[in-house]
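Each remark here refers to the structure printed beneath this line.
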Amino acid sequence: DYGFYILKKSFTQWELIGLRFLADDVLRGKKGLAFHAIIEKPELIGVLGKLNEWLFPFLKGTFFQSPFIIHSFSVIDNNNGQNFSNEIHRDIRFYSGELPVMLNLLIYLDDFTEANGATWLMPGIDPNKPSAELFNRNAIQATGKAGDILVWDSNVWHRAGENKTGKARRAISITLTK
């Protein structure tokens, strides 16, 4: 078990056009990261409505096995230089082991490719932060198409890749907690 999975074609091209417009608007004037974007752009609530139709009930019954809350809702663009997401990290502040406490969702608004810095994830769950050498030797790059959703246990070590294209690589990042 790698601790992550990509759900293919979860958003249509028409939905993506609208989401890219909203993402660009909320990112304007920021350095590639808009925390709590749903507060600035309430129109983004539609994303949660769509996920509540199929993905949230599934996660409630499988990963969490209980109700959960939306912990964060951010918009990111990996074309605006370095930030913390380019460093090896995990999004949960403590190691929860087998207890399913937090889950990450990354909705690809653009294709995620090797060239534009698709997210790297190290398979498995380890309480200790890996060295850069160990991470680079074992990590898998989660490439995919716009509209896909990368889902991973928040205990998984990961980082954004380097965007070498000079073009946007946008996503909506949602974390769910028990």
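The values are calculated or read from the model by the stated rules, or taken from the named source; none is laboratory data. No experiment lies behind these values; they were computed from the predicted model shown. So basically every Cβ, Gly included, is an ideal-geometry build from the backbone, and we count neighbours across all protein chains shown. When the accessible area is computed, the model is the full protein with side chains, heavy atoms only, and any ligands, DNA or RNA have been set aside. Shrake-Rupley method; radii C 1.70, N 1.55, O 1.52, S 1.80 Å.
Tabulated results
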{"item": "Test result for Lys145, within 27 Å of Leu16 (Cβ to Cβ), at pLDDT below 95 and open to solvent by 20 Å² or more (accessible area, probe 1.4 Å)", "result": "no"}
{"item": "Members of segment 106-143 found to be of a type outside the set (S, T, N, Q) and not in a loop (DSSP other than H, G, I, E, B), listed by number", "result": "Leu106, Ile107, Tyr108, Phe112, Trp120, Leu121, Ala132, Glu133, Leu134, Phe135, Arg137, Ile140"}
{"item": "Condition check for Ser96: more than 13 Å from Ser173 (Cβ to Cβ) and open to solvent by less than 50 Å² (accessible area, probe 1.4 Å)", "result": "yes"}
{"item": "Only listed residue being under 15 Å from Leu176 (Cβ atoms) and open to solvent by 60 Å² or more (accessible area, probe 1.4 Å), chosen from Lys60, Lys30, Lys129", "result": "Lys60"}
{"item": "Test: residue in segment 92-102 that is modelled with pLDDT under 95 and on the phi > 0 side of the Ramachandran plot", "result": "yes"}
{"item": "Answer from Ser96, Ser72 - the residue that is within 16 Å of the chain's Cα centre (by Cα) and either more than 17 Å from Tyr5 (Cα to Cα) or acidic (Asp, Glu) (or both)", "result": "Ser72"}
{"item": "Cβ pairs under 8 Å, 6+ apart, first in segment 63-74 and touching a residue at least 40 places away in the same chain (Cβ under 8 Å) and closer than 14 Å to Asn104 by Cβ, second open to solvent by 90 Å² or more (accessible area, probe 1.4 Å) and in a helix (DSSP H, G or I)", "result": "Phe68/Lys60"}
